[in-house]
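The values are calculated or read from the model by the stated rules, or taken from the named source; none is laboratory data. Bear in mind the structure is a predicted one, so any value in this text is a computation, not a measurement. FYI the Cβ positions are ideal-geometry reconstructions off the backbone, even for glycines, and counts take in every protein chain you see.
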Amino acid sequence: MTISVWFDGDETLWDRRGYMLTGLLEQGARAGGRSGEREPELFADVLPTMVGLSETGTVNLIDYAPMPEGHECLLPPFKARVDGPHAPSNAAPELHTTENHLNWIETLDRIESVVAETGKPVDHIVLISNNVAAFDLAAERGWLTVWLNRDRVANLSDVMPSAEIHSLLDLPEVLEAIEEARAAVADLDPEPTAPA
């Protein structure tokens, strides 16, 4: 099975919890530069998963922001990158959902274009994200969607991912199980009969 895996933003890779807020209340920490700030850290499950995935396909990134300074060398190089969807504009709040939807369509189109330009056949495009915002659009294209739910929060939307995992270490096993299930279903389908 050849796959093209796309990580949605660096939140799936980098632990930034507390990064933006740490040190804001301590005036001395802000004035003194970086002291008191928590540096973003690579989640421990990222590197072993990427090494494993690189043996069965390509590892790619939907890019929102630069990697933390001096840390990008910790990861294997991504095969391809595309810009993430634009943030909602100053349109009326009731239009933000529609605008976000349209922005995701553009991003998924760019991914399909990048995959097509390689000229190599791909069995599955896999979108991995810590939110389900684009999963319905990806599923319409026949992609696999994997919700990386590290915090084990409830899915309150009506969007169902192909799989839910709590650690990236579970990803290879989940992809293998999905492939086995699809093969089993294909074996159950009766052979099309030739017209008489």
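For the range 138-168, filtered to residues that are of a type in the set (D, E, K, R) and within 16 Å of HIS124 (Cα to Cα), the residue that is surrounded by the most Cβ atoms within 10 Å (Cβ to Cβ) is ARG141. Take the conditions at pLDDT 90 or above and in contact with a Gly (Cβ under 7 Å, 6 or more places away or on another chain) and apply them to THR145. Does it pass? When the stated conditions are applied, THR145 does not pass them. Of all residues in the range 125-173, those satisfying the criterion of being part of a helix (DSSP H, G or I), under 12 Å from the mean Cα position of the chain (by Cα) and more than 14 Å from THR12 (Cα to Cα) are PHE135, ALA138.
Selection over the range 46-70 of residues that are hydrophobic (A, V, I, L, M, F, W, C), at pLDDT below 85 and in contact with a Leu (Cβ under 9 Å, 6 or more places away or on another chain) gives a count of 1.
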